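Report on the following structure.
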Amino acid sequence: MTRERALTLLRRFGPLAVIVILSVAAFFSGLAGHLSLEELRLRGTELQAFASERPMLCAVIYLAIYVGSVAVSLPGALILSLTSGFLFGPMGGALAVSGATGGSTVTYLVFRTAFGDVLRRKPDAFLARMAEGLRADAFNYLLTLRLIPAFPLLAVNVAAGVANIPVRTFILASILGMIPSSFVYAGIGAGLGHLFAHGGPVTLETLFSPRIYLPIIGMGVLAFLPPLWRHWRKRGGDASLPKSLDEK
């Protein structure tokens, strides 16, 4: 096998190999079962003590867990974002953004390389619509999807891979789009210690209210206005421009 051929295979299937390794590690470690508010309540004092004594090591472990969880699509990104505030305070949102972006990038690269050709030939209808929007205006469309937490990370990551958008665009739009919600979640997580201390039931439903998630959704809607305006100009608004110029 030539060196060029080996590098091609590594670029195409390397990210997939990372996913497989992370999946096996998550399965044997039982990580998915620990990503819950109840687990955080039970181990909260111990985790906060560790974060206070070894903050750098704790941050590295936290990032590794977040990247791995998102990469293999474990259902715990929200819990991990809350944990960033619980362990590191409101500024822990920066770690949450980094972890979510890192894990999303791994998934995006897998579906851009190893599975991209297959999915581009026969895309799922929902993914096809999302990928079409990404091709038309990758940065603004992805920024909008990231700003609205209702869109699942996995679906957005896969669609971006199928659309084959540039890596730099994917990373930048992901970081900017996930900053607001990540810092909001970290701020909520920073207050979990007081809620746990009172001993009452703490659920995701009790933590989030319309005054918290409606502004986040509002930011996503505002971010969607520029590409919507350009789409309207392209479909209808610009059609009258040449005619008016000809009349002059």
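A few notes on this one:
- The simple Förster model, with R0 at 41 Å and r as the Cβ-Cβ distance, assigns Thr203 and Leu7 a FRET efficiency of 0.25.
- What the stretch 128-185 shows is 40 Å² of accessible area per residue, with the surface traced by a 1.4 Å probe over protein heavy atoms.
- What the stretch 76-115 shows is 26 Å² of accessible area per residue, with the surface traced by a 1.4 Å probe over protein heavy atoms.
- Per-residue Karplus couplings for the stretch 57-65, computed as 6.51 cos²θ - 1.76 cosθ + 1.60 with θ equal to phi - 60°, are listed in order as 5, 4, 5, 5, 5, 4, 4, 4, 5 Hz, Gly and Pro entered as x.
- Residues in the stretch 181-186 carry Karplus couplings, in order, of 5, 5, 6, 5, 4, 5 Hz; the curve used is 6.51 cos²θ - 1.76 cosθ + 1.60 with θ = phi - 60°, and Gly or Pro positions show x.
- For the stretch 145-204 versus the stretch 39-58, the spacing of their alpha-carbon centroids is 22 Å.
The values are calculated or read from the model by the stated rules, or taken from the named source; none is laboratory data. Quantities reported herein were computed from a predicted structural model and do not represent experimental measurements. Methodologically, a virtual Cβ is constructed for each residue, glycine included, from the backbone with ideal geometry; neighbour enumeration extends over all protein chains shown. Please note that ligands, DNA and RNA were not included when accessible areas were found on the heavy atoms of the full protein model with its side chains. Shrake-Rupley method; radii C 1.70, N 1.55, O 1.52, S 1.80 Å.
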